[in-house]
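Please read the structure below before turning to the comments.
Taken together, the values in this text are just the output of simple stated rules run on the coordinates, not laboratory data. Here the structure is a predicted model, which means the values were calculated and not measured. Reconstructed Cβ throughout: ideal geometry from the backbone, glycine too, with neighbour counts over all protein chains shown.
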Amino acid sequence: MRRDDRVILIGEDIAGGTGGKGEEDAWGGVMGVTKGLYKEFGAGRVIDTPISEMSYIGTAVGAAATGLRPIAELMFCDFLGCCFDQILNQAAKFRYMFGGKVSMPLVIRMQCGAGFSAAAQHSQSLHALLTHIPGLKVVMPSSPYEAKGLLIEAIRDNDPVMFFENKLMYDDVGEVPDEDYTIPFGEAALRTDGEDVTICALGRMVNLAEQAVVQLRKRNIEATLIDLRSTSPLDVETICESVEETGRLVIVDEGSPRCGFAADVAALVASKAFGALQAPIEMVTPPHTPIPFAPVLEQEYLPNPERVIMAVDKVMAYGR
Amino acid sequence: MQLNREDLHDAYRRMVLVREFENQIHRLNEKGELPGFIHLSAGQEASCVGICMNLQEDDYITSTHRGHGHVLAKGCDLVEMMDEVFAKRTGICHGKGGSMHMADLEKGILGANGIVGAGVPLAAGAALTSKTLGKDSISVVFFGDGAYNEGATLETMNLAKVLNLPLLFALEDNGWGEATPSSYAIGGDILKRAEGFGIPAQAVDGHDYCAVYEAAGDMISQIRAGGGPRFLHLDVYRYFGHFEGDAATYRPKGEVEKHQKERDCIMILRAYIIESGLLAESDLHKIHKEVLSEVEAAVDHARKAPSPEASDILTNVYATY
């Protein structure tokens with residue numbers, strides 16, 4: 001925002017308190033992510049809106065088409081239902097539908113993820129839903145370092161970027177350089193390098209899979225753990241290259257299983273690297289249910305390191 | 001009233017251009033020459049032209065699925081539009097948009113739109129750009145009586161008021177949301193609804209070019225001066241069905257013909273111009289003739305223009321990917 005006056009923030013309570021008599025910038029977003037920006041950039045660039053997702057997301061789309069670089073915050077990705085037309089039919093399609101004459105430098109930041117007992121309407125991971133739509137880019141960072149690099153990349157990108165932030169990770173601590181840096185989309189990162197099995201994941205699931213990798217190493221099973229970073233574009237090449245070496249693939253994803261992201265990766269690998277596979281592809285996902293409220297059920301819902309280990313054991317045992 | 005000879009000449013020309021463009025598209029479609037869904041706005045010309053004659057090049061508009069008139073009135077190129085309707089590579093959207101998605105950002109046209117009400121928040125976004133960058137440009141959202149009941153419209157009326165956006169809501173009420181009368185579908189009073197959002201609202205006879213031009217001009221001046229959003233209710237009438245091929249049996253027999261005879265907006269402007277003495281009947285005749293040959297030339301051009309290449313299917317999905 002210091003670098004480019006055209007970058008604005010727009011959303012619900014992203015300052016919090018605008019126009020009231022108490023503290024202005026009281027919240028900085030419901031999770032405090034944008035706290036302090038209102039004081040530096042003012043109400044002209046940190047714009048609190050009424051609770052009306054269709055209008056302010058659509059306003060961000062129109063502003064992006066006409067010269068601003070808006071960063072809209074959708075409080076929870078579950079609220080996509082309240083503004084979906086502006087994403088599905090407008091932001092995603094303008095460049096193509098208008099013959100390449102429009103740029104859409106728009107970022108929509110949104111929370112995802114279960115684990116807070118926030119139940120079925122505040123816990124979903126809807127990245128696959130948006131990945132299905134041509135014209136959108138879809139990103140999910142796995143650490144503070146990744147979050148900064150990918151977010152700066154998103155802001156400077158000239159396409160609409162859907163930026164998923166797992167709400168369980170806001171308190172994560174990690175090394176982050178002070179200076180600006182960007183991480184390109186569609187270039188996966190290798191978290192660990194091993195020759196026995198390939199594990200692919202996104203966001204918080206990368207950290208959860210890494211816990212499994214540490215346990216597996218104690219049993220002399222060496223895994224390559226790939227942080228995919230973005231689902232659109234997707235680094236299919238890195239996944240397939242790794243599977244060519246290991247012959248075994250486990251995909252860990254927090255989205256629903258049917259027509260889901262894990263299923264998409266499995267299909268791509270099955271069609272592009274079938275000859276390398278030594279075992280059926282395993283997918284670690286939630287069951288095909290809404291997200292339950294009770295902590296005991298929610299833990300049953302979520303993937304965990306034990307399930308990743310079970311899946312790895314299954315692909316390792318196959319054919320032996 | 002600030003109507004001078006040049007403005008009237010321009011306005012009449014633009015209205016006739018929209019009318020003849022629509023009539024031509026209707027004939028071409030009946031002959032089976034055009035692909036896709038087509039919605040025509042013939043009959044509603046005083047609204048789009050009366051408003052757009054008040055706009056600067058850097059002002060923005062968003063339009064509807066019935067958008068040819070708005071887009072032509074804001075200055076989109078006739079030949080490129082015709083090429084687009086014919087799905088040609090030389091079309092304004094290179095054959096990827098068609099009738100429902102005409103757009104020209106360089107002219108401030110954020111597109112016709114196939115989703116009812118979707119242009120309303122988009123226009124608010126363009127207005128936010130003007131406000132944020134300190135420009136004196138404004139936005140006009142053209143929307144129909146059907147869109148007046150969409151959540152996107154109602155949410156945006158509130159948002160535009162809250163953010164004091166330079167935005168004119170132009171409700172073109174042609175009496176029919178597809179096949180359902182607006183009198184059935186709109187609950188409550190149209191102007192009072194807008195006023196309930198704190199937006200100054202006014203009704204104008206959308207068949208009367210001079211009345212539209214004047215009312216829109218006043219509101220646009222207020223908006224440009226920082227007064228925030230305004231709402232204009234235009235009573236208009238469409239001659240063709242909702243879409244091309246719609247027999248429009250929901251309208252009583254003879255209604256269209258009666259309207260064309262008594263309330264046609266081009267007929268009304270023509271009478272005004274001749275009575276005012278600013279232009280002679282022969283001038284208007286000449287305009288009509290010129291427009292007809294321009295439209296004919298555009299059709300010839302479109303027929304001969306190249307179709308998209310198969311490889312075009314993959315271009316312009318993303319800037320980078």
*Once both labels are modelled 7 Å past Cα along the beta-carbon direction, what's the A:Glu175-A:Arg219 spacing in nm?*
3.1
*³J(HN,Hα), Karplus 6.51/-1.76/1.60, whole Hz, each residue of the range B:193-199, x for Gly, Pro*: 4, 5, 5, x, 8, x, 9
*Efficiency by 1/(1 + (r/R0)^6): what FRET value for B:Lys31 and B:Asp7, r their Cβ-Cβ distance, R0 = 41 Å, to the nearest 0.05?*
0.65
*Give me Rg over Rh for the range A:108-147, both radii from the alpha carbons and Rh done the Kirkwood way, two decimal places.*
1.01
*asked:* Can you give the FRET efficiency to the nearest 0.05 for B:Arg251 and A:Met31, using r as the Cβ-Cβ distance and R₀ = 56 Å?
replied: 0.55
*Give the order of A:Ile10, A:Ile71, B:Ile199 when sorted by the count of other beta carbons within 10 angstrom, beginning with the fewest.*
B:Ile199, A:Ile10, A:Ile71
*Return P(r) of the range A:7-169 (all Cα-Cα pairs; 5 Å bins starting at 0; whole %; ordered from short to long distances).*
2, 9, 18, 22, 22, 15, 8, 3, 1, 0
_Assigned charges on the beta-carbon of Lys, Arg, Asp, Glu; the protein assembly as shown dipole about Cα centre (debye)_ = 440
*asked:* Can you give the Rg/Rh ratio of the range B:166-321, where Rg is from the C-alpha atoms and Rh is the Kirkwood radius?
replied: 1.06
*Scan around A:Ile10 for amide H atoms under 5 Å from its own, H built in the peptide plane at 1.01 Å from N, and keep only partners 5 or more places away or cross-chain.*
A:Ile47, A:Ile71, A:Ala72, A:Glu73
*Please go through the range B:1-68 and write out the chymotrypsin sites (Phe, Trp or Tyr not before Pro) that DSSP classes as loop and that have at most 15 other C-beta atoms within 10 Å.*
B:Phe37
*Size-normalised alpha-carbon gyration radius of the range A:189-317, reference 2.2 N^0.38 Å*: 0.99
*Place a label point 7 angstrom from the Cα of A:Asp313 along the Cα-to-Cβ direction, then list the residues of the range A:233-265 whose backbone nitrogen is under 19 Å away.*
A:248-252
_I want to check the label-to-label distance for B:Ala271 and A:Asn89. Put each point 7 Å from Cα in the C-beta direction and report it in nm to one decimal._
3.9
*Which of the listed residues, A:Gln90, A:Pro233, B:Ile223, is farthest toward the dipole's positive end in the protein assembly as shown, when Lys, Arg count +1 and Asp, Glu count -1 at the beta-carbon?*
A:Gln90
*For the Cα atoms of chain A, what angle does the longest principal axis make with the long axis of helix A:236-246, in degrees from 0 to 90, nearest 10?*
20
*Considering only DSSP beta bridges with both partners in chain A, what is the antiparallel share in %, to the nearest 5?*
15
*Return one number: the angle in degrees, 0 to 90 and rounded to the nearest 10, between the long axis of the Cα atoms of helix A:53-65 and the longest principal axis of the Cα atoms of chain A.*
90
*Count charges around B:Glu214 for me, please; just the other residues with Cβ under 15 Å from its Cβ, Lys/Arg as +1, Asp/Glu as -1.*
-3
_20 Å binning of all Cα-Cα separations within the protein assembly as shown, expressed as whole percents from 0 upward_ = 18, 45, 28, 9, 1
*Find how much the distance from B:Ala297 to B:Asp77 grows on full extension, using 0.36 nm per residue of separation minus their present alpha carbon separation; answer in nm with one decimal.*
77.9 nm
*Work through the residues other than A:Ile183 whose Cβ is under 10 Å from its Cβ and net out their charges, Lys, Arg +1 and Asp, Glu -1.*
-1
*Stretched out fully, how many nm does the piece from A:His132 to A:Asn158 gain, at 0.36 nm a residue minus the Cα gap?*
7.4 nm
*Round to the nearest 10 and give me the degree value, 0 to 90, for the angle of helix A:261-272's Cα axis relative to the longest principal axis of chain A.*
50
*asked:* List the residue ranges in chain B for DSSP H helices whose C-alpha atoms run 15 angstrom or more along the long axis and whose Kyte-Doolittle average is 0.5 or above.
replied: B:119-132, B:265-276
*Over all alpha-carbon pairs in chain B, figure out the percentage whose distance exceeds 37 Å.*
13
*Sorting A:Leu168, B:Leu314 on the 10 Å Cβ count, fewest up front, what's the list?*
B:Leu314, A:Leu168
_Below 8 Å, C-alpha to C-alpha, sequence gap of six or more: please give me the relative contact order for the range A:219-320 in percent._
29
*Local electrostatic count, A:Glu306, Cβ distance below 15 Å [Lys/Arg +1, Asp/Glu -1]*: 0
*What is chain B's relative contact order, in percent, from Cα pairs under 8 angstrom and six or more apart in sequence?*
23
*Near-label residues of the range A:292-320 by backbone N, under 16 Å of a point 7 Å along Cα→Cβ of A:Phe274*: none
